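Structure first, commentary second.
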Amino acid sequence: MTYMQAHRYLMQYSIRPSVQRTAVMEYLMNHKTHPTVDEIYLALSPGIPTLSKTTVYNTLNLFIEKGAVQMLTIDEKNARYDADTSKHAHFYCGTCGKVHDIMNVNPEVFEIPSNSQFTIHSMQLSYYGTCTSCNS
Ligand SMILES: [Zn+2]
Ligand SMILES: [Zn+2]
């Protein structure tokens, strides 16, 4: 993903693509590791000296509000962010702390009864365990 693709993505979500916002989005699109605010801030601040952690945090909240990014609560210590808003599950490795995508979950897992009285705005499916590299 390039800076211009991130720029275009923000425009699609009616988000004014400032340099800082575009840089945060570009980082998220290129790092499918579900980074934390700290990780994004540490990676971008050398290139954007005016960037503050608060700006990163506020930017991510705006992205969530506009539906361009999802926040994961899978890691109880840190909120994680994902630019992939498609239906997919996550796996948290308790040994290395990495969050992995699980893309092909049976769609029935996501279904709620059709007579449900609830209006769903978001959902998260989280699995916890040990990843392959930590198992070996
Ligand atoms: Zn692991
Ligand atoms: Zn994900």
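Key figures for this structure:
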| item | result |
| --- | --- |
| Condition check for Val105: more than 16 Å from ligand 1 (Cβ to nearest atom) and over 24 Å from Ser14 (Cα atoms) | yes |
| Matching residues, segment 68-81, being under 12 Å from Met25 (Cβ atoms) and within 8 Å of the chain's Cα centre (by Cα) | Val69, Tyr81 |
| Selected residue [surrounded by 14 or more Cβ atoms within 10 Å (Cβ to Cβ), more than 15 Å from ligand 2 (Cβ to nearest atom) and over 24 Å from Val109 (Cα atoms)] from Leu42, Leu62 | Leu62 |
| Residue in segment 68-81 that is more than 16 Å from ligand 1 (Cβ to nearest atom), surrounded by 10 or more Cβ atoms within 10 Å (Cβ to Cβ) and among the acidic types (Asp, Glu) present | no |
| Output for segment 1-29, where each listed residue is assigned to a helix (DSSP H, G or I) and out of contact with any helix residue (DSSP H, G or I) (no Cβ under 8 Å at 6 or more places or on another chain) | Met4, Arg8, Met11, Gln12, Val19 |
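Table: residues versus (1) within 16 Å of ligand 2 (Cβ to nearest atom); (2) aromatic (Phe, Trp, Tyr).
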residue	(1), (2)
Pro17	no, no
Thr22	no, no
Val37	no, no
Tyr57	no, yes
Gln70	yes, no
Thr73	yes, no
Cys93	yes, no
Lys98	yes, no
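The rows are residues; the columns are (1) at pLDDT below 95; (2) in contact with a strand residue (DSSP E or B) (Cβ under 9 Å, 6 or more places away or on another chain); (3) of a type outside the set (S, T, N, Q).
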position: Thr85; (1), (2), (3): yes, yes, no
position: Asn106; (1), (2), (3): yes, no, no
position: Val109; (1), (2), (3): yes, yes, yes
position: Thr119; (1), (2), (3): yes, no, no
position: Ser122; (1), (2), (3): yes, yes, no
position: Tyr128; (1), (2), (3): no, yes, yes
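The values are calculated or read from the model by the stated rules, or taken from the named source; none is laboratory data. Note that the structure is a prediction, hence the values are computed from the model and not measured. For neighbour counting, all protein chains shown are included, and Cβ atoms are generated from backbone atoms with ideal geometry for every residue, glycine included.
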